Amino acid sequence: MPSRTRKFRGSRTHGRGIKAGRGAGKQGGRGNAGLHKYKFKSMLIYAPDHFGRHGFKPQIVTYHAATNVGDLDRRLPEFELAGAVSKDGETKVLDLSKVGIDRLLGTGTSQHKWKIYVEHASDRAKAKVTVLDAPPGGAPSQAK
């Protein structure tokens with residue numbers, strides 16, 4: 001019984017047509033090739049969720065409005081205009097929640113003595129100024 005290979009010797013295409021015997025030509029490419037072109041309808045039927053994003057809801061990131069101890073003197077007119085500054089003898093009393101700031105950082109120095117009402121303060125800021133938790137009204141500040 002002769003083999004098929006032996007049978008097709010001398011035939012250029014071995015009975016497959018011109019391109020059928022070369023690579024993945026007849027099947028239109030390998031794998032998912034052509035899903036956005038000539039295999040689009042089969043993609044819609046068999047794998048409609050193949051393209052696009054799926055899962056992983058976006059994370060909600062909260063940003064804190066912050067200022068440094070060294071910026072307090074420079075921003076004093078802004079704080080006075082907002083009505084957030086009062087005096088207690090030589091000490092200036094500042095409620096940062098009235099100007100929308102909820103974090104005090106410790107970079108720099110100030111020429112005034114401060115009592116500051118703020119939601120969060122770094123350790124370096126606490127060492128440089130007096131940081132209080134509740135504003136003069138008594139309730140904790142709710143600036144976010």
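Every read-out reported here was derived from the displayed coordinates using simple, explicitly stated rules and does not represent laboratory data. Not measured: the values here are computed from a predicted model. Ideal geometry is used to build each Cβ from the backbone, glycine not excepted, and the neighbour counts take in all protein chains shown.
Here are a few things to note about the model shown:
- Applying the Kirkwood pairwise sum to the alpha-carbon positions of segment 66-132 produces a hydrodynamic radius of 11.5 angstrom.
- 3J(HN,Hα) along segment 65-72: 7, 10, 9, 9, 4, x, 8, 5 Hz, from the Karplus curve 6.51 cos²θ - 1.76 cosθ + 1.60 with θ = phi - 60°, whole Hz, x for Gly and Pro.
- Isotropic mean projected area of the C-alpha convex hull, the chain (nm²): 20.3 nm²
- Here's the picture: charge each Lys and Arg Cβ at +1 and each Asp and Glu Cβ at -1 in the chain, and of I116, H36, V69 the one pushed furthest to the positive end of that dipole is H36.
- Order of L132, L94, L72 under a 10 Å beta carbon neighbour criterion, fewest first: L132, L72, L94
- Anchor K98: lysines whose Cα lies under 21 Å away (excluding residues fewer than 8 positions away in-chain): K87, K113, K115, K126, K144
- The chain - charge dipole about Cα centre, Lys and Arg +1 at Cβ, Asp and Glu -1, debye rounded to 20: 3000 debye
- Placing pseudo-labels 7 Å out from each Cα toward the beta carbon at H120 and R53 gives an inter-label distance of 2.6 nm.
- Taking the number of Cβ atoms within 10 Å of each Cβ as an exposure proxy, the fewest-first ranking of D73, D88 is D88, D73.
- Theoretical ellipticity at 222 nm over the chain - DSSP helices of four or more residues, -39500 (n - 2.57) apiece, nearest 500: -3500 deg cm²/dmol
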